[in-house]
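Contents: one structure, followed by commentary.
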Amino acid sequence: MRFLRGTAGYERTPILMLTAMAEKGYIDSAFGAGATDYISKPFELNGLRGRLNLVEPIANDIREREASILASETPENKLNAALPFVELHEPFSIMDVDGVIENYAIENYVTQLSRKSLCGSVALGFTIREVADMYYEMSNYDFTCMVTDVSEAISDCLAPAQRLLSYAGNGTFVSVIEGASHIDIGRLVDQINRQIYLMELSQSNGERLDVRICAGKMKRMVWRKGDAAVDALREAHDSAEQNAYRLKQELGNIWTTAQTA
């Protein structure tokens with residue numbers, strides 16, 4: 001399945017799927033391919049209008065951002081138009097990383113699944129430790145590249161499981177993982193941190209970055225549906241950030257730019 005997001009000029013276009021396919025596999029494939037929302041038949045016209053009304057502000061925000069970039073005379077903005085300036089707390093689009101979708105899309109995804117479909121799934125959050133220090137020390141370009149690289153490391157390490165992942169802002173990612181009750185979170189975090197280390201992340205000036213993540217507690221999604229399923233994502237988000245804060249209080253500041261000998 002390939003959507004218009006792969007075509008130049010349509011990378012950030014919201015896509016609402018209207019289809020007769022209601023099985024979880026089709027929903028997973030649609031969101032994994034870049035769908036913003038998903039409606040299965042039969043549907044009510046008022047319900048369709050409501051979903052379109054939710055997509056419209058997203059499209060307007062995208063148009064405003066792109067107009068702002070085009071109006072800018074900053075060479076870096078023109079060179080890196082795919083990576084517009086973002087605030088620390090703000091989610092942004094991550095392109096071309098398998099299993100990574102928009103933050104608003106992952107919320108739409110869990111609201112479309114039935115309680116039965118969510119029975120074996122968990123929500124799990126990951127946070128980049130000391131992310132505020134990193135954000136204020138780095139250029140916007142370097143920060144967005146670093147977040148993208150971390151998303152790739154997380155997605156790769158979760159690849160054996162069926163998963164979708166999104167960047168929720170503030171250095172935090174939320175994921176929905178199917179059949180993950182057996183996952184050893186400590187071992188998974190070590191694996192992700194090792195993957196990040198092997199990527200040898202650095203800033204534009206060549207300085208090496210010491211980037212580490214931590215995870216929160218798994219939030220089981222059994223019997224959750226609609227708003228309750230979205231709440232599980234938020235709980236996973238909060239749990240990961242609380243763990244990052246706890247580690248900072250217990251271990252002190254661990255983020256530094258790696259120094260050459």
* State the number of residues belonging to segment 213-236 that are surrounded by 18 or more Cβ atoms within 10 Å (Cβ to Cβ) and not in a helix (DSSP H, G or I). => 8
* **Enumeration of residues in segment 169-183 that are touching a helix residue (DSSP H, G or I) at 6+ places or on another chain (Cβ under 8 Å) and either under 18 Å from Lys24 (Cβ atoms) or buried (at least 23 other Cβ atoms within 10 Å of the Cβ) (or both)** => Gly171, Thr172, Phe173, Val174, Ser175, Val176, Ile177
* Name the residue, out of Glu235, Glu241, that is of a type in the set (Asp, Glu), within 18 Å of Tyr135 (Cα to Cα) and out of contact with any Asp or Glu (no Cβ under 9 Å at 6 or more places or on another chain). => Glu241
* If the Cβ limit is 6 Å and pairs must be 6+ apart or interchain, which residue in segment 167-180 that is of a type in the set (Asp, Glu) pairs with which residue that is buried (at least 21 other Cβ atoms within 10 Å of the Cβ)? -> Glu178/Ser121
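Evaluate the following for Ala159: is it at pLDDT below 95, surrounded by fewer than 17 Cβ atoms within 10 Å (Cβ to Cβ), over 12 Å from the mean Cα position of the chain (by Cα) and closer than 25 Å to Ile15 by Cβ?
So Ala159 passes the test.
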* Structure fact -> Of (1) over 13 Å from the mean Cα position of the chain (by Cα); (2) closer than 18 Å to Ala236 by Cα; (3) at pLDDT 80 or above, Leu118 fails just (3)
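Which of the residues belonging to segment 154-199 are among the aliphatic types (A, V, I, L, M) and assigned to a strand (DSSP E or B)?
First pass over segment 154-199, keeping only residues among the aliphatic types (A, V, I, L, M): 154, 158-159, 161, 164-165, 168, 174, 176-177, 180, 183, 185, 188-189, 192, 196, 198-199.
If the condition is that a residue be among the aliphatic types (A, V, I, L, M) and assigned to a strand (DSSP E or B), then Leu164, Leu165, Ala168, Val174, Val176, Ile177 are the ones that fit.
The values are calculated or read from the model by the stated rules, or taken from the named source; none is laboratory data. All of these numbers come straight from a predicted model, not from anything done at the bench. Cβ atoms come from the backbone with ideal geometry, glycine included; neighbour counts cover every protein chain shown.
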